[in-house]
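Reading through the structure tokens given below for one structure.
The values are calculated or read from the model by the stated rules, or taken from the named source; none is laboratory data. Quick caveat, the model's predicted, so the values are computed rather than measured. For neighbour counting, all protein chains shown are included, and Cβ atoms are generated from backbone atoms with ideal geometry for every residue, glycine included.
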Amino acid sequence: MEQQKRYGHFDDAHREYVITDPKTPWPWINYLGNEDFFSLISNTAGGYSFYKDAKFRRITRYRYNNVPMDNGGRYFYIKEGDTAWSPGWKPCKTPLDFYECRHGMGYTRITGRKNQVEASVLFFVPLKTWAEVQKLTLTNQSQEVKTLKLFSFEEWCLWNAATDMENFQRNFSTGEVEIEGSTIYHKTEYRERRNHYAFYHVNTEIQGFDTDRESFVGLYNEFSNPDAVVEGLPRNSHAHGWSPIASHYIEVTLQTGESRDFVFLLGYVENEQDKKFSAPKVINKEKAHALIARFDTTEKVDKAFAELNAYWDALLNIYKVKTGNPKLDRMVNIWNQYQCMVTFNFSRSASFFESGIGRGMGFRDSNQDLVGFVHQIPSRARQRIIDIASTQFPDGGCYHQYQPLTKRGNNDIGGGFNDDPCWLIFGTVAYIKETGDFTILDEMVPFDNQPGSEVTLFEHLKVSLDHVINNLGPHLLPLIGRADWNDCLNLNCFSWDPNESFQTTENVSEGTKAESLMIAGLFVVTGKEYVALCNKIAKHEEGQRMQRAVDAMIEAVKKHGWDGEWYLRAYDFYGRKIGSNECEEGKIFIESQGWCTMAEIGADEGMVAKSLDSCKKYLECEHGMVLNNPAFTKYIYEYGEISSYPEGYKENAGIFCHNNPWVIIGECMAGRGNDAWSHYAKILPSYVEEKYQTLHKVEPYVNCQMVAGKDAFRPGEGKNSWLTGTAAWMWYTVSEFILGIKPDYDGIRIDPCLPETAGDYTVSRKFRDAEYDITIRPNGSQKGVKQIVLDGSPVEGDVIPYAAGKHTVEVTM
Ligand code: GLC
Ligand code: GLC
């Protein structure tokens, strides 16, 4: 295999990915912030910040699809004589003597060196803080005195990221700022309905500033060479309308060996309505002053940074594996869990592929995300479940998305995605198993956020499954509605108008005929979970009722959902099979293989094994399993968006990483550890990192949503990094099904499924108020626990009963 160029490497001891060449094949980004205040930051310091909602509270401006692609961010310009450079190489692009970007857990450190001056910037959002700290350390490593000019730069967004990009007739007249000492305040629209402002501060005296973009950059220059920097002179400009920015100008003299810190702070403040102003037209800066005072020295910043690191120590101590395979350990112990936190926070809202204005929190997405996150901070997962359930309708249907700021369902996209309701069970059950907190089921939760409509969360779970039961089609399989998990299988859309959205247009059938085998499998999996839950809380009758519905669904799948070698994917509006050997293209789809094997439908009749074999035979390729095969080569009016993508991309036979784990779990349930592992390793970032940095293109430390499939122009190329359900599914798969540590109502179930080559390994798992040190000895076996010894005594069955305190567990397979 050809050796590809490498742009960085893992540093596991520091939990960092170290980028050593700024010209990565695509911007490689990181996320800052855990709650409320967030930033995206690329390896050259591009990106932006927002408060809670990337659409409605965008703090700094970012232009997607720019040229060059990643332009705009928090930039520093260092000028010595005629040479201007930036620590992150961009925007100046002056060649550096040294460059390094370290992306860590909630922080990024970018270091550049030029002519024996080193500039190292630590970017992070401190815990419980509405601000991004940028600690810039300048060091003179030369034998002479250095005289430098330092310019900072941020560009304000006029809050609503959507109108900021389109309503210029208004925007160019509204911009307002205030300058006070070393702080630049952005207060556009504060005079009217907004009660929030932002500021950019530095903890030293400044010798000048700019707040008007054209004064600083110039109309004919660029971020790489702003007028003010080229001339080495700030304009001291006051923005009135046009495009407000914030730039500090600082003159710095450094003796030989001298090092100096500058703490820049990008903050966000909200004021009560009656405390907005301190004098006519003057914003009340009390809270800003308080925030600034928290980070006005290096010591305070270092302390906040240590707290952030301790926070991640604690989070990553909950589940720790030692297998002796560093590529596996680093993903399980560090990056997969980190990505799960990020997807929990962001759903699919803001990445370098998601503009932050299109989508808020997805109903199905967020339920899946929380399964990857629930062990980290269960209380936040609990709140999320309530928020999500509050957007459900009384009949169990639900809004497909909601806005994080308002927590209200998003009317632009509406509902009708018939898989959505089932995911609420998936999320809630994971939460209860992790915490043992059954009280969540008694929480009173409204429908569609309407006061007065509250019922218990348990009732929400019930109507969720009833929504499937009440919407069965001609083969007694679930009606698909607008789409199921596959947003692009739009069987009721029938669109010839390119201006119509595939997902919100429902033209002919009003959804009374097309059926989904994916939902059928999902219903069986979540239905069984619901039955177990009912039995657990002594709702036996309800449990029996659902068991009958589950049994009926299993029968319907066996009767109408089996194609001979694999499960069908769907029936279209005309009652024709989709995902069948009879079809010309799209003969087999991954989703129904994943869900129906996870549901073990027809296992006794050999369906599960055949389906898994067919995945290997028809879907697997070098980079993972494709979504469908063969790819669609033309637009099919009655299938919708799926056939709109060129072959090998996205939902048309791309490797949708998200659903590979479904098949892997199916393999694990069937005890086929070798196959499970080989599928898993193909999409495990650390394995890809080793081989394919150039081809793969996107960040090598996290999963991306889609890798181009075998039919694509460039198989193996990744897209849509970071925000993908893949994170949670990879975590769920490896932690529970491969390594086999499964939280359950009464304890931890031990049920690994491993390749024969697996050696002994240990997992330390914090669980509620207990801590288990588990050693597993596979002895060459792929599946099947022979004996569990808990604190020296053998345990009956495969569940370690929960008891607070520290325990040692020895498992022999
Ligand atoms: C995207 C969406 C997710 C959907 C998937 C498949 O990842 O976020 O909701 O299930 O695409 O279409
Ligand atoms: C497109 C994408 C799909 C995504 C959907 C969300 O259909 O292909 O992945 O889930 O948009 O709106």
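The table that follows gives values for the structure above.
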read-out: Residue within the range 667-681 that is among the hydrophobic types (A, V, I, L, M, F, W, C), within 26 Å of the chain's Cα centre (by Cα) and either within 13 Å of ligand 2 (Cβ to nearest atom) or over 14 Å from PRO755 (Cβ atoms) (or both) present; value: no
read-out: Residue match in the range 732-745 (condition: more than 16 Å from ligand 1 (Cβ to nearest atom) and more than 28 Å from the chain's Cα centre (by Cα)); value: no
read-out: Residue match in the range 514-537 (condition: under 27 Å from the mean Cα position of the chain (by Cα) and surrounded by fewer than 18 Cβ atoms within 10 Å (Cβ to Cβ)); value: no
read-out: Restricting the range 355-366 to residues that are under 12 Å from the mean Cα position of the chain (by Cα) and modelled with pLDDT of 95 or more, the residue that is farthest from ligand 1 (Cβ to nearest atom); value: SER366
read-out: Flag for ALA549 being more than 24 Å from SER643 (Cα to Cα), touching a residue at least 40 places away in the same chain (Cβ under 8 Å) and in contact with a Leu (Cβ under 6 Å, 6 or more places away or on another chain); value: no
read-out: Test set (1) touching a helix residue (DSSP H, G or I) at 6+ places or on another chain (Cβ under 8 Å); (2) crowded, with 22+ Cβ neighbours inside 10 Å - LYS320 fails condition number; value: (2)
read-out: Count of residues meeting criterion [assigned to a loop (DSSP other than H, G, I, E, B) and touching a Gly at 6+ places or on another chain (Cβ under 8 Å)] in the range 514-543; value: 1
read-out: Hits in the range 428-445 - residues which are crowded, with 24+ Cβ neighbours inside 10 Å and closer than 18 Å to VAL463 by Cα; value: THR428
read-out: Verdict on ALA350 being buried (at least 21 other Cβ atoms within 10 Å of the Cβ) and either over 15 Å from the mean Cα position of the chain (by Cα) or within 16 Å of ligand 2 (Cβ to nearest atom) (or both); value: yes
read-out: All positions within the range 482-500 that are among the small types (Gly, Ala, Ser) and either within 13 Å of ligand 1 (Cβ to nearest atom) or under 20 Å from GLN368 (Cα atoms) (or both); value: ALA483
read-out: Verdict on SER453 being surrounded by fewer than 17 Cβ atoms within 10 Å (Cβ to Cβ), in contact (Cβ under 8 Å) with a residue 40 or more places away in the chain and either hydroxyl-bearing (Ser, Thr, Tyr) or in a helix (DSSP H, G or I) (or both); value: yes
read-out: Evaluation of TRP496 against (1) aromatic (Phe, Trp, Tyr); (2) surrounded by 18 or more Cβ atoms within 10 Å (Cβ to Cβ); (3) out of contact with any strand residue (DSSP E or B) (no Cβ under 9 Å at 6 or more places or on another chain); (4) part of a loop (DSSP other than H, G, I, E, B) (one fails), failing number; value: (2)
read-out: Test set (1) within 14 Å of ligand 1 (Cβ to nearest atom); (2) touching a helix residue (DSSP H, G or I) at 6+ places or on another chain (Cβ under 7 Å) - VAL429 fails condition number; value: (1)
read-out: Hits in the range 634-680 (condition: among the β-branched types (Val, Ile, Thr), away from ligand 1 (no atom under 16 Å from the Cβ) and in contact with a His (Cβ under 9 Å, 6 or more places away or on another chain)); value: ILE664
read-out: Residue satisfying condition, being out of contact with any helix residue (DSSP H, G or I) (no Cβ under 9 Å at 6 or more places or on another chain), assigned to a loop (DSSP other than H, G, I, E, B) and crowded, with 16+ Cβ neighbours inside 10 Å, within set VAL809, VAL785; value: VAL785
read-out: Some residue of the range 471-480 being within 16 Å of ligand 1 (Cβ to nearest atom), crowded, with 16+ Cβ neighbours inside 10 Å and under 20 Å from ARG364 (Cβ atoms); value: yes
read-out: Criterion: more than 16 Å from ligand 2 (Cβ to nearest atom), touching a residue at least 40 places away in the same chain (Cβ under 8 Å) and touching a Phe, Trp or Tyr at 6+ places or on another chain (Cβ under 6 Å) - qualifying residue of VAL698, VAL702, VAL734; value: VAL702
read-out: Selected residue (only one of ALA712, ALA758, ALA727, ALA770 is more than 18 Å from the chain's Cα centre (by Cα), within 16 Å of ligand 2 (Cβ to nearest atom) and of a type in the set (A, V, I, L, M, F, W, C)); value: ALA712
read-out: Selected residue (criterion: surrounded by the most Cβ atoms within 10 Å (Cβ to Cβ)) from residues of the range 299-316 that are over 13 Å from PHE124 (Cβ atoms) and under 21 Å from the mean Cα position of the chain (by Cα); value: LEU315
read-out: Strands (runs of 3 or more DSSP E) (entirely within the range 1-100) containing at least 2 residues that are closer than 30 Å to ASN325 by Cα and not hydroxyl-bearing (Ser, Thr, Tyr); value: 8-11, 16-19, 29-32
read-out: Residue in the range 345-356 that is farther than 30 Å from GLU690 by Cα and either touching a residue at least 24 places away in the same chain (Cβ under 8 Å) or not in a loop (DSSP other than H, G, I, E, B) (or both) present; value: yes
read-out: Selected residue [surrounded by 16 or more Cβ atoms within 10 Å (Cβ to Cβ), at pLDDT 95 or above and over 26 Å from ALA350 (Cβ atoms)] from LEU158, LEU148, LEU136; value: LEU148
read-out: Single residue of ASP448, ASP420 found to be charged (D, E, K, R) and surrounded by fewer than 24 Cβ atoms within 10 Å (Cβ to Cβ); value: ASP448
read-out: Some residue of the range 31-54 being touching a residue at least 12 places away in the same chain (Cβ under 8 Å), among the acidic types (Asp, Glu) and either in contact with an Asp or Glu (Cβ under 8 Å, 6 or more places away or on another chain) or within 29 Å of VAL332 (Cβ to Cβ) (or both); value: yes
read-out: Which numbered condition GLY106 misses (of (1) touching a residue at least 60 places away in the same chain (Cβ under 8 Å); (2) at negative phi); value: (2)
read-out: Close pairs (7 angstrom Cβ cut-off, 6 or more residues apart or separate chains): on the phi > 0 side of the Ramachandran plot in the range 184-199, crowded, with 19+ Cβ neighbours inside 10 Å and of a type in the set (Phe, Trp, Tyr) anywhere; value: GLU189/TRP159
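Yes/no matrix, rows are residues, columns are (1) more than 16 Å from ligand 2 (Cβ to nearest atom); (2) not β-branched (Val, Ile, Thr):
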| site | (1), (2) |
| --- | --- |
| LYS320 | yes, yes |
| ASN325 | yes, yes |
| THR343 | no, no |
| SER366 | no, yes |
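Residue by residue, here is whether (1) modelled with pLDDT under 95; (2) within 16 Å of ligand 2 (Cβ to nearest atom) holds:
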residue	(1), (2)
ASN486	no, yes
LEU489	no, yes
ASN492	yes, yes
THR504	yes, yes
GLY511	yes, no
LEU517	no, no
LEU522	no, no
THR526	no, no
TYR530	no, no
